[in-house]
Amino acid sequence: MSRKIAFQGEPGAFSHAAAHALFPSDKALPCTTFEDTIAAVQNGDAEFGVVPVENSLYGRITDIYHLLPKSGLFITGEHFLRVEMNLLGVPGATLADIKAVQSLSVALGQCRKFISKHKLRTINGVDTAGSAREIAEKGDKSVGAIASLFAAEVYGLSVLAQNIEDAAHNTTRFLVISKQAEEPAPDAGKVKTTFVFRVRNVPAALYKAMGGFATNGVNMTKLESYMLDGSFTATQFYADIEGHPSDRSVQLAFEELKFFTDHFHVLGVYKAASAA
């Protein structure tokens, strides 16, 4: 039986492409917002959710850092998606026909050189996939959309130019979320553990809390801080480490961390993916 996989955005969005790459045989469930995506998993409308957590150009996706720790859900996997921008047009259109291009403002900004070279007028759209859908619906050969190859497939558009983005390293990291934790075996290869914590209000608490990872040889690949409930004094930290909680080195590091924290919660233990 096909499972449902929730993602934020319209069909053809980059999040949809990530969900399809991870769950090619399952049914994608588009959601309007990140809150809706998480709620779909919480209430059982979807077995898994696929959400972006950071991008190599624009950094962290702030909403996820605030929503995920409170959701009660678990991270069960990750996926790195190379974000490739493409010029799409209606069937029969050629690059020479295109006079204007529509997409999300961020996507337009990532393709400035191509747009300038071809002297295209820009149209701000709500998102990349929505722009592709609108172009397909209007059927105007003079207007193209900047979106994914996946969007071209979804909406039956022609690919007029591929990989037109200015930065070749644009990559988004996605997380798979579920109501149930699915920890891999300790010997399952490279494993990541993601957790959040808040340090106690004592001098050098963060410095001391981090010391256990260094002394026990645990590699911390991410440490992000963000304010809680708009307070300038209440800070939560989000961290990724390489290793399984059953590893002795990780256990020792966590013991030292907990001594200097008043909140600690593991969000997920999952197999590490290779960066795109």
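The values are calculated or read from the model by the stated rules, or taken from the named source; none is laboratory data. Just so it is clear, the model here is predicted, and its values are computed rather than measured. Cβ: placed from backbone, ideal geometry, glycine included. Neighbour counts: every protein chain shown. To get the accessible areas, we keep the full protein, side chains included, count just its heavy atoms, and leave off ligands, DNA and RNA. Shrake-Rupley method; radii C 1.70, N 1.55, O 1.52, S 1.80 Å.
A few points about this structure:
- Net charge contributed by nearby residues that have their C-beta within less than 11 Å of N216 (K/R +1, D/E -1): -2
- Calculated [222 nm] ellipticity per residue, helices only, for the chain: -8000 deg cm²/dmol; basis is -39500 (n - 2.57) per DSSP H run with n ≥ 4, divided by all residues, nearest 500.
- Surface share of carbon and sulfur [accessible, 1.4 angstrom probe, percent] for the range 65-206: 51
- Rounded tilt (10° steps) of 248-259 against the dominant C-alpha axis of the chain: 80
- A straight chain from Q251 to D187 at 0.36 nm per residue would run longer than the Cα-Cα distance by 21.5 nm.
- Angle in degrees between helix 62-71 and the longest Cα principal axis of the chain, rounded to the nearest 10: 50
- Full-stretch length increase - K70, S225 - with 0.36 nm per residue and alpha-carbon distance subtracted: 54.2 nm
- Taking N as the residue count of the chain, its C-alpha radius of gyration divided by 2.2 N^0.38 Å amounts to 1.14.
- Rounded Å value of the spacing that divides the Cα centres of the range 20-46 and the range 250-276: 26
- Taking amide H atoms as placed 1.01 Å from N in the peptide plane, the amide H of G243 lies under 5 Å from those of V191, K192, T193, each 5 or more residues away in sequence or on another chain.
- Trypsin sites (Lys or Arg not before Pro) restricted to DSSP loop in the range 1-97 with at most 15 other C-beta within 10 Å: R3
- Relative contact order of the chain: 22 percent, from C-alpha pairs under 8 Å at least 6 residues apart in sequence.
- Solvent-accessible area per residue for the range 1-101 (1.4 angstrom probe, square angstrom): 42
- Under 5 Å between amide hydrogens, built in the peptide plane, is the criterion, and for T76 it picks out V176, I177, S178 among residues at least 5 positions away or on other chains.
- Among the GluC sites (Glu not before Pro) within the range 184-276, not one is in coil by DSSP while having at most 15 neighbouring Cβ atoms inside 10 Å.
- Virtual paramagnetic centre 7 Å along Cα→Cβ of T32, amide N under 20 Å, in the range 50-65: 50-52, 63-64
- Given 13 as the ceiling on other Cβ atoms within 10 Å, longest exposed-site-free region of the chain for chymotrypsin sites (Phe, Trp or Tyr not before Pro) in DSSP loops: 59-231
- Within the range 143-196, the trypsin sites (Lys or Arg not before Pro) that combine a DSSP coil assignment with at most 14 other C-beta atoms in a 10 angstrom radius are K190.
- Charge context of R3, other residues only, Cβ under 12 angstrom, K/R +1, D/E -1: -1
- Rounded to the nearest 20 debye, dipole of the chain from Cβ charges on Lys, Arg, Asp, Glu: 580
- Taking Cα atoms only, the orientation of helix 128-138 departs from the longest principal axis of the chain by about 20 degrees.
- Across the range 154-170, rounded Karplus estimates of 3J(HN,Hα) from the backbone phi angles (6.51 cos²θ - 1.76 cosθ + 1.60, θ = phi - 60°) give 4, 9, x, 9, 8, 8, 8, 7, 10, 6, 8, 5, 6, 9, 6, 9, 4 Hz, Gly and Pro being marked x.
- Look at the dipole of the range 125-208 built from charges on Cβ: of A151, Q180, N163, the Cα furthest out on the positive end belongs to Q180.
- According to the calculation over all Cα-Cα pairs in the range 7-96, the P(r) per 10 Å bin from zero is 15, 46, 26, 10, 3, 0 %.
- The residues packed around D262, meaning those with a beta-carbon under 12 Å from its beta-carbon, carry a net charge of +3 if Lys and Arg are +1 and Asp and Glu are -1.
- Centre-to-centre, using Cα atoms only, the range 54-85 and the range 104-182 are separated by 19 Å.
- Cα-centre dipole for the range 137-273 with unit charges at Cβ (Lys and Arg positive, Asp and Glu negative), debye to 20: 240
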